[in-house]
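Below is one structure; the comments refer to it alone.
The values are calculated or read from the model by the stated rules, or taken from the named source; none is laboratory data. Quantities reported herein were computed from a predicted structural model and do not represent experimental measurements. Heads up, the Cβs are rebuilt from the backbone with ideal geometry, glycines too, and the neighbour counts pull from every protein chain shown.
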Amino acid sequence: MNKYGINPANINLEITETGSILTRKILLKNMDELRDKGVSFSLDDFGNGESNLNYIIDMPVDIVKLDMNMTRAYFSSNKAQMVVEATLSMVHAMGLKMVAEGIENEYMLKTFEKLGVDYIQGYYFSKPLSQTEFIEYVDSRK
């Protein structure tokens, strides 16, 4: 951040499951130090079986990323619909934001926009890009 003059408010780091208790303590200490500088964090892959509610409670995250399998399940399962909607309500009540991963078409986009999901991610917008392709992609949309 200092070397390249990047505003920490423009950095969001994704956190997945943690390992040992010692590793977790080190992670939380580092997260707190970075948050003090203005960096934000996302809890990645929420709903894929690896994440749990304690991560939202214990970790200083700002964004919860709904796993793409849960996003897809929303369209084929009444139970998944209830889980996604309850999770979104809980996340917003905690003052956090939510990302829906795996959005692949306009119907999925409109559905999750209507639900009030804060950010949308998926192939509907772009496949993963190399650094060079990403810069070209952003430049072409100025």
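Tabulated results
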{"item": "Residues satisfying the stated conditions in region 128-142, i.e. surrounded by 10 or more Cβ atoms within 10 Å (Cβ to Cβ) and within 23 Å of the chain's Cα centre (by Cα)", "result": "Leu129, Glu133, Phe134, Ile135, Tyr137, Val138"}
{"item": "Of residues in region 93-114 being of a type outside the set (A, V, I, L, M, F, W, C) and closer than 20 Å to Glu14 by Cβ, the one surrounded by the fewest Cβ atoms within 10 Å (Cβ to Cβ)", "result": "Gly95"}
{"item": "Hits in region 72-123 - residues which are more than 23 Å from Ile57 (Cβ to Cβ) and of a type in the set (S, T, N, Q)", "result": "Ser76, Ser77, Asn78, Gln81, Asn105, Thr111, Gln121"}
{"item": "Any chance Met68 is within 30 Å of Asp32 (Cα to Cα), surrounded by 16 or more Cβ atoms within 10 Å (Cβ to Cβ) and either of a type in the set (S, T, N, Q) or at pLDDT below 95 (or both)", "result": "yes"}
{"item": "Criterion: surrounded by 14 or more Cβ atoms within 10 Å (Cβ to Cβ), within 26 Å of Thr23 (Cβ to Cβ) and aromatic (Phe, Trp, Tyr) - qualifying residue of Tyr74, Tyr55", "result": "Tyr55"}
{"item": "Qualifying residue in region 7-16 (condition: of a type outside the set (Val, Ile, Thr), in a loop (DSSP other than H, G, I, E, B), modelled with pLDDT of 90 or more and within 20 Å of Val99 (Cβ to Cβ))", "result": "no"}
{"item": "Looking only at region 73-109, and only at residues there that are under 16 Å from the mean Cα position of the chain (by Cα) and of a type in the set (Gly, Ala, Ser), the one that is farthest from Asn48 (Cα to Cα)", "result": "Gly95"}
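Here is a yes/no grid of residues against (1) closer than 27 Å to Asn10 by Cβ; (2) at pLDDT 95 or above; (3) charged (D, E, K, R); (4) surrounded by 13 or more Cβ atoms within 10 Å (Cβ to Cβ):
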| site | (1), (2), (3), (4) |
| --- | --- |
| Ile21 | no, no, no, no |
| Lys29 | yes, no, yes, no |
| Phe41 | yes, no, no, yes |
| Ser51 | yes, no, no, yes |
| Val84 | no, yes, no, yes |
| Gly116 | yes, yes, no, no |
| Ser126 | yes, no, no, no |
